[in-house]
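Throughout, read-outs are computed from the coordinates displayed, never taken from laboratory work. Fair warning: this is a prediction, and the values are worked out from it, not measured in the lab. When we count neighbours, we look across all protein chains shown, and the Cβ atoms used for this are built from the backbone with ideal geometry, even at glycine.
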Amino acid sequence: MPCPARKPGGSVMVSVRFCGAVGEVTGSGYWIETDQARVLVDFGMFQGGRDSEGRNRVIEPVEPRRLAACALTHAHIDHSGRLPLLAAHGAKGAVYGTPATLELAEVLLLDSAKIAEEDTARANRRLRRAARREQSPLYTVDDVEALMRRFVPLPYGEQREIAPGIAIRLFDAGHILGSSSVEMCIERTGAQALTVVFSGDLGAHDAPILRDPETPPKADVVFLESTYGDRSRPARADVVAGFHALLRRAVSERRRMIVPAFAVGRTQVLLYELAHAFREGVVPSFPVFLDSPMAARAGAIYARHGELHEQDARRLGRRGQLPDTLRVVESAAESKLLNASNEFCMILSAAGMCEGGRVLHHLRHNLWREDVMVILPGYMAPGTVGRALAEGAREVEILGETIAVRAEVIQLEGFSAHADREGLLDWLAPLVPGSPRVVLTHGEDAARSALAAAIQHRFALAAETPVAGAVLTLA
C-alpha cells in the first residue's frame, strides 16, 4: 500500500542528518528527526584511513536514549557495524530488517565484536608493559547480544509503523541476500504523508543468485547511493569470459591465487561462477579453499533463503552453486598450513578490502612471491590495503611489517555487488515523474558529481551532493 493520507495531529518538522558515507562509501547512516520521533536508517562502520577507529567511536548526531527505531538496509559492516555501540550507550529502539538481513547481521556483528575484543586484549598487553592507559573495545559480544534482542524481522512489501507518525516498507535492493531499499512514510499535518526513499546499496540487474533490484512506487525525497556513479560495468557475458580467461592463465602458469572477498555477497558469487566454470568445462578444475568461517556461515544462510534467489540459482540449488573442489578451512591451524604449502590453488578469504581477517596472513606470506596472483574482485575504499594494491603499490604494511609486492595484482571489473551508473539511473527512472528531491550519498565526490551530471542530462533533474555534517530539512 502507498503512504497513507495524513491523519490529524502529526509531525511538521522533518530533518535528516548524515552519520557518514557523504563523499565516501563507508559509515553509512541517516538520523531522521520529526516532532514526534527520532529514527535511524543504518549506522555503519568507517573503513580505511588512519582515523577510522576514532571516527567509529563517535555516535553523534545520534542520541541513543532518544532513538525510537532503526531500519537496517543490509548486513554489511559499513551499514550495520556501529549499531552495537548504540546498544552499549543505552539505545532500546527496535532494529527492523528483512529476516535474511538480521540473520546475516548477527553473524557479521558477533564476528566484529570478537575481533574488537581480541585486538584490544593484545593492545592492552603492550600498554600494560609500557605502563600506559589501557583501551576498551569499540563494543563487546554482550553489546551485540543486547542489540540482537531488539531485532524485528520485516518481510519485503509489508508496511509497519516503527515510531509515532513513521512507517516503513522494504523493497528488494538486489545487493546481497535480504538487502533492501527503505520507503519511509512520515505523517504531516493537513497534507499527504511525506514519502522518503533510502536506496541502500543497489545491486546489478542479471547478477547471479539474487533477484533484480526493485524501485518503490513513488518518492518525494530520494537518498541514492553513488558508489559506481562515475562508471559503467562491462556486459555480464564479457565479465564472465574475462574471469574464465584469467583462471585458465592461472592454471597454465600454476599461479597460486589469493582472493580477498567480502564474506557476505562477493564470496557466494565467486563460488557460483567457479562452480559454473568447472561444470561446463570452460576452466580445468583446481582446489578451492574458503578460508573464512564467517563466509561459510553466511553461505548456510544463503542456502536457507532459496526463496530470495533468482530462477537459475533456485533451479541449481545450493550444491549446484558450489564447486566440487571446494574445501572450507575452519581452524586457524588449518589456515596456517595453507601458507606452509606451495600447492597450486585458489584461497578465498575475508576481509574484502584487506583490512583484517585471515586474508592478511595470506597476503603477508604471498605478496612478495612472483608466482602468486592476487585477484581483487570489487571496490576498495581509500586508505585500505586493498586500495593500495589496486593502485599499484610496490610495498604495503601488513600486521606491522613492510611487505614487498611482487605478486601480480589484478582488479576484476564487473564483479562488484553495486549497480553501475546505468543501473542507478534505471532504478531512479520510475520515480522521476513525481519530480522527487534527489540526494546523492554513499560515494566518493567524483562518483557523486558524475552521477549528478548524468541525472541532469537524462532526466533534467537536479541532484544534491551534500557535505559531511550537513542537515537537510525535508518538511
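Quick notes
- In this structure the amide hydrogen of Thr384, modeled in the peptide plane, comes within under 5 Å of the amide hydrogens of Gly49, none closer than 5 places in sequence on its chain.
- In this rough spin-label picture, where each label sits 7 Å from Cα along the Cβ direction, the Ala404-Glu307 distance is 5.6 nm.
- Treating r as the C-beta distance of Arg364 and Arg315 and R0 as 35 Å, the FRET efficiency rounds to 0.30.
- Sparse-neighbourhood loop sites, trypsin sites (Lys or Arg not before Pro) in the stretch 36-69 - DSSP loop, at most 13 other Cβ within 10 angstrom: Arg50, Arg57
- Taking amide H as placed 1.01 Å from N in the peptide plane, the amide H of Ala71 sits under 5 Å from that of Leu40, Val41, Asp42, Tyr96, each at least 5 places away or on another chain.
- Taking amide hydrogens as placed 1.01 Å from N in the peptide plane, the amide H of Val222 sits under 5 Å from those of Val197, Arg437, Val438, Val439, each at least 5 positions away in sequence or on another chain.
- Checking every one of the GluC sites (Glu not before Pro) in the stretch 108-143 against DSSP loop status and a limit of 16 other Cβ atoms within 10 Å picks out Glu134.
- Residues in the stretch 219-236 carry Karplus couplings, in order, of 7, 8, 9, 10, 9, 10, 5, 9, 3, 10, x, 10, 8, 10, 8, x, 4, 4 Hz; the curve used is 6.51 cos²θ - 1.76 cosθ + 1.60 with θ = phi - 60°, and Gly or Pro positions show x.
- The GluC sites (Glu not before Pro) found in the stretch 141-214 that occupy coil by DSSP, while having at most 15 further C-beta atoms within 10 Å, are Glu158.
- Projecting the Cα atoms of Ala450, Phe171, Pro323 onto the charge dipole of the chain (Cβ charges, centred on the Cα centre) puts Pro323 farthest toward the positive pole.
- When the helices of the chain are scored as -39500 (n - 2.57) per DSSP H run of n ≥ 4 and the total is divided over every residue, the value at 222 nm lands at -10000 deg cm²/dmol.
- Of all beta bridges that DSSP places with both ends in the chain, some 45 percent have antiparallel geometry.
- Beta bridges per DSSP, both residues in the stretch 236-411: antiparallel share near 20 percent.
- The chain shape via C-alpha gyration tensor axes, a/c threshold 1.5: prolate
- Distance distribution P(r), the stretch 117-180, all Cα-Cα pairs, bin width 5 angstrom from 0: 4, 13, 13, 12, 12, 11, 8, 8, 8, 7, 3, 0 percent.
- Gain on full stretching of the segment that runs from Glu397 to Ala300 - 0.36 nm per residue minus C-alpha separation: 31.5 nm
- Considering every alpha-carbon pair of the stretch 356-431, the percent of pairs per 5 Å bin, from zero through the bin containing the longest distance, is 3, 14, 22, 22, 13, 7, 6, 6, 4, 2, 0.
- Cysteines in the chain lacking a second Cys C-beta under 4.7 Å: Cys19, Cys70, Cys345, Cys354
- Spin-label model, Ser136 to Glu60: label points 7 Å out along the Cα-to-beta-carbon direction sit 1.9 nm apart.
- For the stretch 221-279, the orientation-averaged shadow of the C-alpha convex hull comes to 6.1 nm² (one quarter of the hull surface).
- Dipole of the chain computed with +1 at Lys/Arg Cβ and -1 at Asp/Glu Cβ about the Cα centre; of His309, Leu85, His418, farthest Cα towards the positive end is Leu85.
- Efficiency of FRET from Cβ geometry, Asp324 and Ala241, R₀ 22 Å, rounded to 0.05: 0.50
- Within the stretch 146-290, all pairs of alpha-carbon atoms sorted by distance into 5 Å bins from zero give the percentages 2, 8, 13, 16, 15, 12, 10, 8, 7, 5, 3, 1, 1, 0, 0.
- From phi via Karplus (6.51, -1.76, 1.60), per-residue ³J(HN,Hα) for the stretch 458-475 in Hz, x at Gly/Pro: 7, 10, 6, 10, 6, 10, 8, 10, x, 9, 4, x, 5, 10, 9, 8, 9, 7
- Two-site label geometry, Glu253 and His457: point separation in nm, points 7 Å out along Cα→Cβ: 3.6
- Each principal axis of the Cα atoms in the stretch 236-411 has its own extent, and those three values, largest first, are 47, 31, 31 angstrom.
- The 3J(HN,Hα) values that the Karplus relation (6.51, -1.76, 1.60; θ = phi - 60°) gives for the stretch 156-171 are, in residue order, 3, x, 9, 7, 9, 6, 10, 7, x, x, 10, 10, 10, 9, 9, 10 Hz. Gly and Pro appear as x.
- Using a Förster distance of 35 Å, the FRET efficiency for Asn339-Glu422 (Cβ separation, nearest 0.05): 0.25
- Those aspartates and glutamates that a straight Cα-Cα span of less than 20 Å connects to Lys92, excepting residues fewer than 8 apart in one chain: Glu33, Asp35, Asp42, Glu60, Glu63, Glu103, Glu106, Asp142, Asp143, Glu145, Glu161
- Within straight-line cross-link reach of Lys336, aspartates and glutamates at Cα separation under 13 Å, skipping those fewer than 8 residues along the same chain: Asp291
- Tilt relative to the chain, helix 311-320 - C-alpha long axis, 0 to 90 degrees, to 10: 40
- Taking the centroid of alpha carbons for each part, the stretch 205-256 and the stretch 123-201 are 26 Å apart.
- For the pair the stretch 10-53 and the stretch 394-461, the centres of their Cα atoms are 19 angstrom apart.
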